[in-house]
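A short worksheet on the structure shown next.
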Amino acid sequence: MIDVTDQDFEQQVVEKSHEVPVIVDLWAPWCEPCKTLGPLLEKVVDAQQGKIVGVKINIDENPGVSQAFQVQSIPMVVAFKDGQAVDGFMGAQGEPMLEDFIKRLLPSEEETQIDVLVSAGDELSLRAALELQSDHPSAVLVLAELLVQDGRTDEGLALLERIPESPESRRIAALARTSDSSGESDEVDAELETLLGQVKTDDSARQRFIDLLEVMGLEDPRTAEWRRKLSTALF
């Protein structure tokens, strides 16, 4: 069980749960039932050999997490999967109950099959994954980008409609809508400069400007400056 704090909760729990289910044990040194539950929970988590990650949080030392969970009684255990709290319980529990709790979080045979197909990454495998789950986020994103890169932009954009908008889906959609751009720095800068005078009154120009920035990405040192210029032009 990994010790987690207010500072690294987002990374160690929320973000990590997109890769593997995470069990959060909320405890305190003065809590006697916690001393019983903690070792048992660690035992059943370790038995899964990496399929589940366990973390523990001392609520006395991490008031931010405690407040977020509205902790009123401990021990309190919360399970995270795909960035969300999906299950939990309060109070010390026996080993059989803990094993059942863990098993509910493990991927089904179908989910495991989808993960294998998505990992393969080719178009045929991705389409097979979407036959099993039509709105599987990773399969949609990977296939949509593959289609866009292959010039099938309309199909890629239609595919993205199956899932909620996210930073990655916005990037792929922007890539599709700017497929006519050469990508050369000088040409992109020149187009942004031209669009800048139109963004306040022309919705299409504003969308094009935003799409170009999405494709450039935050790692491009020019992006922040162009975003500042856009804000000035709009307001």
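Every number here is computed from the coordinates shown, using simple stated rules; none is lab data. Bear in mind that the values here come from a model prediction, so they are computed numbers and not experimental data. Cβ coordinates were reconstructed from backbone atoms using ideal geometry, including for glycine residues, and neighbour counts include every protein chain displayed.
Rounded to a whole number, what is D in µm²/s for region 1-64 from Stokes-Einstein with the Kirkwood radius over alpha-carbon pairs (20 °C, 1.002 mPa s)? The diffusion coefficient I find is 177 µm²/s.
Normalised by the number of residues in region 140-189, the average gap of Cα pairs under 8 Å and 6 or more apart makes the relative contact order 36 percent. A straight chain from H18 to T36 at 0.36 nm per residue would run longer than the Cα-Cα distance by 3.6 nm.
I'd like the antiparallel share, as a percent to the nearest 5, of DSSP beta bridges with both residues in the chain. Antiparallel bridges: around 60 percent, rounded to the nearest 5. Expressed in nm², what is the orientationally averaged projection area of the convex hull enclosing the Cα positions of region 185-234? It is 3.0 nm². Averaging the Cα positions of each part gives two centres, and for region 185-213 and region 218-235 these lie 11 Å apart. As an equivalent ellipsoid, the chain spans semi-axes of 44, 24, 12 angstrom, where each value is the square root of five times an eigenvalue of the C-alpha gyration tensor, largest first. Placing +1 on the Cβ of every Lys and Arg and -1 on the Cβ of every Asp and Glu, with nothing else charged, gives the chain a dipole about its Cα centre of roughly 600 debye. For T201 and D100, a Förster radius of 41 Å and the Cβ-Cβ distance give a FRET efficiency of 0.10, rounded to the nearest 0.05. Comparing G197, G121, G156 in a Gaussian network model of the chain, where Cα atoms under 10 Å apart are tied by springs, the biggest mean-square fluctuation is seen for G197. Each label point was placed 7 Å from the Cα along the Cα-to-Cβ direction; for V86 and E187 their separation is 4.5 nm.
Pairs of Lys residues in the chain, spaced 8 or more positions apart or belonging to different chains, with C-alpha separations under 17 angstrom: 13 in total. Name all residues of region 84-123 having a backbone nitrogen under 13 Å from the label point set 7 Å from the Cα of S73 along its Cα→Cβ direction, giving them as ranges. Counting backbone N atoms under 13 Å from the label point, the list is 89-93.
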